[in-house]
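Since the structure comes first, as structure tokens, the remarks are kept for the end.
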Amino acid sequence: MATMLRLMWHIHVNKESLWIKWIHNAYLRNDDIWHVQAKNWDSWIWKKILKVRDKAVNFCGVVPWHRTIWETTNFPSHSFICWLAIQDRLLTIDRLIKRGLMNTNNCCLCTGSENRNHLFFECCYSREVWLKIMGWLRFKWQSCNWNQLVIWYSERLKGDGFNQRIKRMALTTTIYSIWRERNFRIFKQKARSADQLSKDIKLCIYSFVLNGSFKAEDRELIISL
Ligand SMILES: [Zn+2]
């Protein structure tokens, strides 16, 4: 079962191997591993993979935001931090206080108190970063509420187009970068300004697109921003 799950992950991220490419051409085409259905004439190994997929989905459930977070364009480390953040499972100071591991709550990015909502959206530092990133992508960014944001991404930004993929990437990369900045300040006493952090996020997305297998028009689009 572990081997099958591993194969599914490789199919999901479209790993560079001949077999995975063949699977995409033969079985997926415009579909994805989470939604494709087995056909009578499919090979036994493919049917077996889809049976394991159904078991895994029944066991873990598939949330509406799975595509937003587990987008194949995203860096796995960014997806993972975002996955923890969405479920409020990152060890922010409010959670450490509840566990009796800390006594005082000071946000290291501003003068407020740290919890997930504050750290990623309400904090004036984070807000400045979001405005710069979303302004760069010409994205009308209104929401600073986790639930609204997740619904918005899950319902309106789930397509395969370059624009939508990059907006999903901007979300996970920014959340990851804010969390990393927070940890750098706490554990390494290193700080970057909101301006510097947003430049680093842009550079990360920019180099990913320019070095990846994107169409020429997509590269031109990112250069023109
Ligand atoms: Zn703050």
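The values are calculated or read from the model by the stated rules, or taken from the named source; none is laboratory data. Only a predicted model underlies this, so the values are computations on that prediction, with no experimental measurement involved. Heavy atoms of the whole protein, side chains included, go into the accessibility calculation; ligands, DNA and RNA do not. Shrake-Rupley method; radii C 1.70, N 1.55, O 1.52, S 1.80 Å.
The fraction of all Cα pairs in region 2-60 landing in successive 10 Å bins from 0 to the largest distance is 22, 63, 15, 0, given as whole percents. Taking every protein chain into account, the accessible area of region 2-60 amounts to 73 square angstrom per residue (probe 1.4 Å).
With axes computed from alpha carbons, what is the tilt in degrees of helix 194-211 against the longest principal axis of the chain, rounded to the nearest 10 within 0 to 90? Its long axis makes an angle of about 20 degrees.
Counting heavy atoms of the protein chains alone, residue 35 has an accessible area of about 100 Å² for a 1.4 Å probe.
Percent of Cα pairs in region 104-181 per distance bin of 5 Å, from zero to the largest separation: 3, 15, 25, 26, 17, 8, 4, 2, 0, 0.
Accessible area of region 85-202 with a 1.4 Å probe: how many percent of it is carbon plus sulfur? For region 85-202, the apolar C and S fraction of the accessible surface comes to 46 percent. Note on exposure: 134, 102 ranked by accessible area (1.4 Å probe, complete protein assembly) read 102, 134, with the most exposed listed first. The helix-only estimate of mean residue ellipticity at 222 nm for the chain, built from DSSP H runs of length n ≥ 4 each weighted as -39500 (n - 2.57), is -17500 deg cm²/dmol after division by the residue total. Couplings 3J(HN,Hα) of region 97-110, computed from phi: 5, 4, 8, x, 9, 9, 10, 10, 10, 10, 5, 7, 9, 8 Hz, in residue order, whole Hz [Karplus 6.51 cos²θ - 1.76 cosθ + 1.60, θ = phi - 60°; x for Gly and Pro].
Once the 1.4 Å probe is applied to the protein heavy atoms, region 127-225 comes out at 55 Å² accessible per residue. Here, region 66-224 has an Rg and a Dmax of 15.9, 54 Å when only alpha carbons are counted.
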